[in-house]
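Each value in this text was obtained by applying a stated rule to the coordinates, not by laboratory testing. Everything numeric here is computed off the predicted structure, so don't read it as measured data. Cβ placement follows ideal geometry from the backbone for every residue including glycine, while neighbour counts extend to all protein chains displayed.
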Amino acid sequence: MEKTSKKRKKTFTRRAFLKGLGGSAAGTALASKFLRRGLAAPPQEMEAAPVHSQKTVTFSVNGRTVSLEVEPRETLLDVLRQKLNLTGTKKTCDRGECGSCTVLLDGQPVYSCLYPAIRVEGKTVTTIEGLAYGDELHPVQQAFIDKDGYQCGFCTPGFIMSSVALLNRNQKPTFPEIKTALSGNLCRCGNYVKIYEAVRTASERMRKA
Amino acid sequence: MKEHEIVDDLNLAYLEEARGKKAQGKDVPAEAGEDFKLIGQPTARIDGRLIVTGRAKFTNDLTLMNMLHAKILRSPFASAEIVSMDLSQAQNLPGVKAVIKLKEGRVKYEGEQVAAVAAISEKTAEEALQLIKVDYKILPHVVRPEKAVEEGAPQIHDSANVEKFNEYSRGDVDKGFAEAEVVLERTYKTAVEIHQTAETHASIAKLDEDRLTVWDSTQAAFSVRDGLARTLGIPTSKVRVIKTYMGGGFGSKLGLNEHTVVAARLAKETGRPVKIVLNRRENSLCVGNRPSTSITIKGGAKKDGTLVCLSMKNYTCGGVGRGDRCSEPLIDIYKCPNVKVEEYTVYTNTGASRPTRAPGHVQGTFALEGFLDELADELGLDPLELRRKNYSSANQGETGIPYSSKGLNKCYELGAAKIGWERRNKKPGEGGGKIRRGLGVASQIWWGAGVPGTLADIKIHRDGSVEVICGTQDIGCGTRTYIATIAAETLGLKPEDIAVKIGDTVYPWAPSSGGSQTTPSVAPAVRDAALKAAERLKQLVSTTLNIPASRIVLAGKKLFDKENPDVSVTFQDAAKELRREAVFHGERSDLPAGFAYNSFGAHFAEVEVDTETGQIRVAKVVAVHDVGRVINRLTAESQVVGGITQGVSTALFEERLIDDNTGQMVNPNLQGYKISTSMDIPEIVPIFVDLIDPRINNLGTKGLGEPPRIPISAAVANAVYNAIGIHLREIPMTPDKVLKALQGKEANS
Ligand code: FES
Ligand code: FES
């Protein structure tokens, strides 16, 4: 889905696209002898949805260029999670209050739940999935493991992205600088103390390397 | 710290005896583990890579073929009658697959389920919700417990708004008050707190023929399974619940949720898998909260600090649900012959309560420990001395059965030394200046002995690879990791050699992960299975090596003769002797009768109060805990750090706010509902007394989930009292309350 052809896009709606797919989806459904009321509609109509205007955006995510149709109401977070299956970026509040959805946009940390997907055109996005080189973890990732910088792990991708952004702009942050840089991320499990340790450890290791 | 250096009197004799037995080569329980190499050490989580790379899958990260998305329409009113509901427009929206009614008649709180939609996308489902037309007749509501108890207040349920749900008494309090030389009565209040888990609640339901599979963000896979079977009227054997990763529960994900049933119903209705993910607002309104309390304690003591009587009356409010039983700490922890307790729940038109990390104990401890500090001041005693003076070695304030082990005295000793207890204001509030400093202490008791009958299997394959299989769930405590550690320790392997399979009701039974019971249930079961596996391997190898099985040791991925380590076989070769893959069943044994099994701890807090702004800053917390054997020091520390961070949050910030007039929550989000951020965190020093309980289970371990959550809010409030000389008696201690108290004090002086 990520390489939608540019030419088709003018007339291309989600509805038409899904109609094209309708055969296979309906096939599965019809094979079931246990059709319920909700499935009684004709197969073509099955995946019909309200039509909203769409726009193609092209951007780079974790080093790959993607081009896809987005609706003006869609956030970068929803596009990452739902259209690109990059589910490492989390949704906690969906309104800019927690930092779970933090990604790097041209190197800067942003709340992807507040960022309209249509504005990502031409930009470079890095998500938690794009930090490691193959099996080799980013030093921040490794330090979170070594220092137990998480409990449930749900806020962790956001904290790691904020920490990476901090260490990219400040190689030797002081303790108050670490606290401030992370103040836009909430950890309900309350593991901040361990997270500070992880960031400090990563900063030391990165300077030595 | 060597584990046997520190033992309370209570335990010493038993341990001496055990050591004597061990010296004679006899079988002894947990202490035999003195030689542990992995257990008790800090171990990084075995699944850390999954978490830090974003590959750990939480329920909302899963997508099934043909999956639909559901949304629930909820009542915007605290109290109303549904006159009519029209689903047709929503049903006609393209992409909508099913619309169902969830409610008829009266709704009793904002956020109550009214109807639900399943559609091809979340956004379509949201649009459809707006097309459901509901005609409500608004009814009078009451959202404040103080008003709900008044005559003529709108009635919530069929019964009265106030209901007694607990009473207890021992001795004779009237006689006690007559004997007392000092009597004090104080009322303490706590606000409604919301769990606000990072991951909102989520479920996916899928029906295959008549079999239901549910992926759920839950702390309790088996109880969700049983609940679904009961609610939907299908046999338990046809329901399977899977829990992958879960982003925080703290009690709000215990048991079956209403929305999970909705997902299952919609899956049946549409014949397709259905996912439902709640939003932050829903999480604030209708998946539980910690009940508020108003606790009045009246107590009497002799001049030397000996407690002679304690009485407690608690009015607690859990909305349309029950309040919390808060009397346990008061009944249990201190020596006191005469005690009387009455607890009442007050109903209001707000969302139902749910267990919240250390339910009842957080509020009860805040009241009890605050009261003790005020009493200590009245008596002119050191608050810590007052606690020591009334130390008990048996439960029910020394009138019940003895504790199997109790390391609280040691907690006091280590904590006082570490925080520098002598630095406290000898008289509360005696320090001057714009910024006032103070120290406070509070004690903690909890259960956390674990659940007998918990099961775990160890499977050894012919290639020597090992699996541990258990239906338990890792809710962020590092369960996977300690399971691997225990199996590895017992089998002479490394934690990363063990494949851990958990979080699925097709696996052996384990209890809900709540109440600090996971570790003391699961760890012993795994240990039991691993010991059985080790025994079997030793027997097999004893034939090969021609030495008695009792001489064989498992370590370093080998089985060898302890008298001649060169005589060995690799673990892998030993596994071949099993001939086929072999499963060893482990079970958590019964708790020996005649003893009380509890965990203990003491928190010491240091605060700074800005007398101009009313701001409280918690500077340092020393947290000392007796939780038996610590299995993974790294994750155990995280538990303590997390409990303290949440407790500081409770003490200073957290409060659900409801508009009296509309009956609606004003702060159903993370901007208005304040929780601790990285700027609010004190220096935290976790200390474990490493007192191995001799009877509790084969590892001598107690649970650690609730303990660090219990005394912290009380310790902070007591430290504020020590700083400014006024006990605020109410949390959260927001700046306005601090300033008002300071003004009142000035006016009085
Ligand atoms: S989900 Fe984006 S800030 Fe909370
Ligand atoms: S680790 Fe659970 S919210 Fe941070």
**In the stretch B:124-233, lysine pairs with alpha-carbon atoms under 30 angstrom apart (chain gap of 8 or more, or interchain)** = 7
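Using DSSP, restrict attention to beta bridges with both residues in the stretch B:420-535 and report what percent are antiparallel, rounded to the nearest 5. Each step should come with its number before you reach the end.
Values: 4 of 8 bridges.
Within the stretch B:420-535, antiparallel bridges account for around 50 percent of the total.
Find, among the GluC sites (Glu not before Pro) in the stretch B:46-141, those assigned to loop by DSSP (not H, G, I, E, B) with at most 15 other beta-carbon atoms within 10 angstrom.
Details: sites: B:81, B:104, B:110, B:112, B:122, B:126, B:127; in loops: B:104, B:110, B:112.
Here the sparse-neighbourhood loop sites are B:104.
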**Prompt:** Which three extents, in whole angstrom, do the alpha-carbon atoms of the stretch A:53-130 cover along their principal axes, largest first?
**Reply:** 29, 27, 20
**Asked** For the protein assembly as shown, what is the calculated [θ] at 222 nm in deg cm²/dmol (nearest 500), taking -39500 (n - 2.57) for each run of four or more DSSP H residues and dividing by its residue count?
**Response** -9000 deg cm²/dmol
**Request:** Pull up the cross-link candidates among the aspartates and glutamates for residue B:557, meaning alpha carbon to alpha carbon under 14 Å and not fewer than 8 places away within one chain.
**Result:** B:463, B:489, B:496, B:497, B:566, B:573
**Message:** Using a Förster radius of 56 Å, what is the FRET efficiency between residue B:550 and residue B:210 based on their Cβ-Cβ separation? Nearest 0.05, please.
**Reply:** 0.60
**Asked** How long is the gain from residue A:124 to residue A:53 if the chain were fully straight, where each residue apart is worth 0.36 nm and the alpha carbon distance is subtracted?
**Response** 23.1 nm
**Calculated FRET efficiency for the pair residue B:91/residue B:150, C-beta based, R₀ 56 Å, to 0.05** = 0.80
**Prompt:** Near residue B:389, within a Cβ-to-Cβ distance under 9 Å, what is the net charge of the other residues, with Lys and Arg +1 and Asp and Glu -1?
**Reply:** +1
**Request:** Give a quick list of trypsin sites (Lys or Arg not before Pro) in the stretch B:541-644 that DSSP marks as loop, anything other than H, G, I, E or B, with at most 13 other Cβ atoms within 10 Å.
**Result:** B:562, B:579, B:580
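What's the local net charge at residue B:706, with K and R +1, D and E -1, over the other residues with C-beta under 12 Å away? Intermediate results must be reported in sequence, preceding the final value.
Numbers: positive: B:357, B:702, B:709; negative: B:328.
Net of charged neighbours comes to +2.
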**Prompt:** So how do A:98, B:309 line up by other beta-carbon neighbours within 10 Å, fewest first?
**Reply:** B:309, A:98
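What is the sum of charges around residue A:118, taking Lys and Arg as +1, Asp and Glu as -1, for the other residues whose C-beta is under 9 Å from the C-beta of residue A:118? Write out the running numbers ahead of the final one.
Details: positive: A:55, A:119; negative: A:71, A:74, A:121.
Here the count lands on -1.
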**Prompt:** Over the C-alpha atoms of the protein assembly as shown, what are the Rg and the largest Cα-to-Cα span, Dmax, in Å?
**Reply:** 29.1, 93
**Request:** Can you list which of the trypsin sites (Lys or Arg not before Pro) found in the stretch B:410-469 are DSSP loop residues with at most 13 other C-beta atoms within 10 Å?
**Result:** B:426, B:434
**Item:** For B:275, B:243, order by how many other beta-carbon atoms lie within 10 Å, fewest first
**Value:** B:275, B:243
**Message:** Test of understanding: ordering A:155, B:477 by Cβ neighbours within 10 Å, fewest first, what list do you get?
**Reply:** B:477, A:155
**Request:** Of the DSSP beta bridges with both residues in the protein assembly as shown, give the percent that are antiparallel, rounding to the nearest 5.
**Result:** 80 percent
**Prompt:** How long, wide and thick is chain B, going by the Cα atoms along their three principal axes, in whole angstroms, largest first?
**Reply:** 85, 76, 46
**Item:** Candidate lysines for bridging to residue A:91, where Cα separation is under 19 Å - those fewer than 8 sequence places away on the same chain excluded
**Value:** A:83, B:57, B:71, B:123, B:243, B:253, B:275, B:674
**Request:** For each pair in A:90/B:501; B:37/B:406; B:238/B:558, compute the distance between the two Cα atoms and list the pairs where it is over 31 Å.
**Result:** B:238/B:558
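Over all residues in A:80-87, what is the mean tally of Cβ atoms on other chains that come within 10 Å of each residue's Cβ? Provide the component values of the computation, followed by the final result.
Details: counts 0, 3, 5, 0, 0, 2, 2, 9.
Mean shielding by partner chains, rounded to a whole number: 3.
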